[in-house]
Amino acid sequence: MEPLSANDITAPAPPQTPKPKQDHGPPVVESTPMSRRCTTHAEDEVPKRADVVNKFLEDDISDRLEVSLDDFATLILDLPADWQIRDDFTLLPDSEAVKDAFAAYLKVAIGEVDGENQKRKGMAGHESGLYQPLANLLNSLRDGEGRRVGKDIDEKIFYVQDPRPVLGSLIARKPDLGGIYVELLKLTKNKKLSDYLAKKKIVGIFWGLLLYFIEVKHEQGRFVGLNVNKEGPSSRSQSDSLPSIAYLVSQSTASVPASTPLNSTSTSFGDEHRPGVTIQNRGGKKKTVEILTSQDYQERAEAERKAEKVLTPTQGQHLTRIQCASYAKEMLSKGFIRSHAVGITADDTSLRFQYYHRSKVVESKPFNIVNDEVKKLFMAMVCQLNKLSTENLGFIPNLDLDGFDHLRNPKQLKLPHKNGIDPLVGSTYAFTGSDGRRRRVKITKVLYRAEGIIGRCSIVVEVECLCTEAGCDWHEEGQATTKVMKISFPNMTRPSEDGLIGEARSTAESSGDFWALNHLPEVIDSITFPYHEETTVQGRLKKHLKDDYEERVMRVTFLDKLQPLSDLEDPREFAQVFYDVLQIHQWLYERVGILHRDLSSGNIMYRRKNGKVYGVLNDFDLSSRVQDMNKGPTSKQRTGTRPFMSLDLLNPDWEGGHLYRHDLESLFYIMLCLACRYEAPGVPSPDPRPYSEWFSGTDAEVLSNKSKFLLNALSKGLPVQPYFSSFKQWLWKIFKGLRLGYTLRPLAYSNPPASETDSKAWNLGDDDDEDSDSDSKFNYEWTTLNKRVSYAKIRSIMSSFKGQPLETRWVGNPDH
């Protein structure tokens, strides 16, 4: 992949107020990047329940594309169109090894005995009986060059993973079969991998080592949409109701309760819930995670298989797709950095190939390997899958672990890899910078890894330069300085983060607003890698699907290191950082024409200069130029981090786009969660922690809970922790404006708010009376909730703290 040319930087236009669609309704921004389904899950930095994750997986697979088996072979696996006449694909069905492997598998799958199609009752009652025969069949498919197991370092092998879960995530995921490099275990051709694992008691297979996965069913083709019964496909209506999310979770992830968080990635506030046998927070609290034996897993797997028997074909296909998508998500989110993953679903003699990419999920049509012509194509596809390079399997190039190839180093199985230990730490990444200089950096800490399949799915790590050349500006006084590296897969048409930051910093310098430089991140370098049309699967899909495929690039950005909120210790410094972020956010909108659109705890940081703190607004990946927001969508997903998202953006019926005030609402939720959920910086408050449902629910659940919060908080109060008690007046005043703005706007007039008995106690002012004539539906100002949520209003609240003024960097336009 070659880097793109630098983005053009154009002069920003002044912010434009969206036009209303009708006299009394909210403004409509037709082009606001959003999805009618749900918010992007790639931005979540908080623990999620299994059913919530499955909801996102449903969203990812709902836009899947089904192609013919031939198209999948050529587009995804890069199988040559002339494979049937090429020497390296001369896999004859009558080859003894292949013939024996097929016969052994079919004997279990459909009871084929001595070439006669006779079903043997009771033989096909347990899908685990298919695992090893299928692994043997797949491993028998070698190309015509005669390579043998262990001879070539690129040789791959299929093995049985069930019942052991793959390491690396809290909820046990255990694909039935997996594929790895033979060199990883130094096997000989006479050793079965499953026997080797059992004998050596090796359970060190983690998601980074998995090349591809296979999910096995024993439902005569029903769970891949191809029924092999004589009567043909199931007569059950495709409108059969699907099982509930809770039910699907209980069947597909029976190893832990559905309410258990899938992961516990820390927020910048200092949460350190780390998956493992025992989890200990910085506050001293411990949590024990259930550890299961192989027998436990087998018993639960048997219960899952029994439950599957009662599912209709439609329900079975739905459940299977979610299971497979969950494996792909783990491979993309918990392993080494990769752009896509490949899987296979086998249901007796019916199979399907799947491809999971940051833009699209693509499936082959289901096929039956009893058909001789299809069997030949299937064999060729498996051979081609075995021949794909690491990069063509989706792993990014130039990533190296401890001097060894990170996928073939047998020493990795000796490492104490547990849940929550990221395999990226210690690896190195080599690249050629925009200045043409070759560098190699070492990953020292993983700051953030996005969850999900579809989306930009950022990985943010701390790195140190290993360059030994004289004059390297990444070193100070001979010592390497810590930088931040972000790797993401954004839409090709989105403005680049480095371009937006560069535009903002240039505006600050040219306009004389030098103060703003202290509150903006600083980009050191950024390289963009497109996917070429002929040599990559993404390029071929774009060429084939045209506008139906969202073209993405891989972008690697290096930035100066900033400090997280959890490193602050003085409440007044917290207040100054929040006030700084409010000012720089407005300055960006007013002076540069950039709306950030993703305020979250992880995107508010600070730098310290000469003993003073300066709040920094970080992460511009989802930001947009205001002048471009009416020209067309730059992403298919809404933007924001769910716990901090505004009520409007959580509501699927909202058509007003992402407004400036939505970011102000996010800032309120960030401060509220800090003040109520932490006893001190990095020390969580006792359980049950306030507003936890915002961090673990679906969009609909979070919307419902936040709506109840706005209605009920006056009577219940804000559970601000003593350490942050000085924030209470800020929070109450902003809360008051939000509550009245939402409850009194025209669409809410049918549900007038309850009376408020304690508003005067906080000296909120007469201008906030509920029965104000200005709230008439005929002149309601939607963009600021009738001026209750505006920059001028919020700045007037936040400009002082504990009765003393904070440092004001910039006043801005009082009309905003």
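The values are calculated or read from the model by the stated rules, or taken from the named source; none is laboratory data. Source: prediction; values computed, not measured. With ideal geometry, Cβ positions are generated from the backbone for all residues, glycine too; neighbour counts draw on all protein chains shown. To get the accessible areas, we keep the full protein, side chains included, count just its heavy atoms, and leave off ligands, DNA and RNA. Shrake-Rupley method; radii C 1.70, N 1.55, O 1.52, S 1.80 Å.
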With no solvent and one equal point scatterer per Cα, compute the Debye intensity ratio I(q)/I(0) for the stretch 534-618 at 0.13, 0.14, 0.22 Å⁻¹ and report its log10, rounded to two decimals. -0.60, -0.65, -1.04
Assuming 0.36 nm per residue, please report the length gained on full extension of the stretch Glu96 to Gln627 beyond their Cα-Cα distance. 184.5 nm
Measure of exposure for Met645: accessible area at 1.4 Å probe, Å² rounded to 10, is 10 Å²
Could you calculate the FRET efficiency of Asp653 with Ser715 from 1/(1 + (r/R0)^6), where r is the beta carbon distance between them and R0 is 41 Å, rounded to 0.05? 0.90
In whole percent, how big is the carbon plus sulfur part of the accessible area of the stretch 425-526, probe 1.4 Å, protein atoms only? 46 percent
Quick one: if you stick a label point 7 Å off each Cα along the C-beta vector at His544 and Leu65, how many nm between them? 0.8 nm
Once the piece of chain linking Glu509 and Val811 is laid out straight, how much longer is it, given 0.36 nm per residue of separation minus the C-alpha distance between them? 106.9 nm
How large, in percent, is the carbon and sulfur part of the accessible surface of the stretch 308-393 at a probe radius of 1.4 Å? 49 percent
Say R0 is 60 Å: what FRET efficiency, to the nearest 0.05, do Asp78 and Glu569 get from their beta-carbon distance? 0.60
Which pairs break 27 Å Cα to Cα here: Lys442/Lys543; Lys156/Lys334; Lys174/Lys483; Lys55/Lys445; Lys329/Lys365? Lys442/Lys543; Lys174/Lys483; Lys55/Lys445
With the cut-off at 1.5 for a/c, could you classify the stretch 350-395 from its C-alpha gyration tensor as rounded, prolate or oblate? oblate
Share of pairwise Cα separations in the stretch 460-619, more than 18 Å, in percent: 67 percent
Can you give the FRET efficiency to the nearest 0.05 for Ala470 and Lys309, using r as the Cβ-Cβ distance and R₀ = 60 Å? 0.30
For Lys609 and Lys445, calculate 0.36 nm times their separation in residues minus their Cα-Cα distance, and state this gained length in nm to one decimal. 56.6 nm
